[in-house]
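Structure, as structure tokens:
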Amino acid sequence: MLIVAFLALALGLGFWILRPLLRAESFQGGEYPAAAELKDLLALRNVAYDTLRDLEFDFRMDKMAEKDYQELKSRYQGEAAEILRQVEALEARLEKDRGSSARAPAAERGAR
């Protein structure tokens, strides 16, 4: 009898622990890839800024020639500018999507 009670308790506890894993997801799948892309772009932006800062430091410490510094600086500034352009475009697209999704329920309420 004690074994049956223990098994019932263990099964109930196991079900209670695993219940969140068995439930269906409730997030909107359409927003996740854009958010992940924005996160990646912001990380790349930070890397570009860090690289430019390191280049500046190395040049001021006389660890590289001015020609090399200018060449690398212009290259990384171009990359940073491209990343910023992509971030702005993605943010604008996300804002437009949020605006259209926020207006859709209002339009549905007006149609009733």
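Rule-based calculations on the coordinates, nothing more; no lab input. Everything numeric here is computed off the predicted structure, so don't read it as measured data. Positions of Cβ are generated from backbone atoms using ideal geometry, with glycine treated the same way; all protein chains shown enter the neighbour counts.
Tell me yes or no: at least one residue of the range 25-32 is in a helix (DSSP H, G or I) and either surrounded by 10 or more Cβ atoms within 10 Å (Cβ to Cβ) or touching a residue at least 12 places away in the same chain (Cβ under 8 Å) (or both).
Start the filter on the range 25-32 by keeping residues that are in a helix (DSSP H, G or I), which leaves 32.
Of the ones still in play, those that are also either surrounded by 10 or more Cβ atoms within 10 Å (Cβ to Cβ) or touching a residue at least 12 places away in the same chain (Cβ under 8 Å) (or both) are 32.
Yes, because at least one residue in the range 25-32 is in a helix (DSSP H, G or I) and either surrounded by 10 or more Cβ atoms within 10 Å (Cβ to Cβ) or touching a residue at least 12 places away in the same chain (Cβ under 8 Å) (or both).
Only one of (1) of a type in the set (D, E, K, R); (2) closer than 30 Å to LYS96 by Cβ; (3) exposed (fewer than 12 other Cβ atoms within 10 Å of the Cβ) fails for GLU66. Which number is that?
Only one criterion in (1) of a type in the set (D, E, K, R); (2) closer than 30 Å to LYS96 by Cβ; (3) exposed (fewer than 12 other Cβ atoms within 10 Å of the Cβ) is unmet by GLU66, namely (2).
Does any residue of the range 54-73 turn out to be small (Gly, Ala, Ser) and assigned to a helix (DSSP H, G or I)? Reasoning before the result, please.
Of the residues in the range 54-73, the ones small (Gly, Ala, Ser) are 65.
Cutting the leftovers down to assigned to a helix (DSSP H, G or I) gives us none.
No, the range 54-73 contains no residue that is small (Gly, Ala, Ser) and assigned to a helix (DSSP H, G or I).
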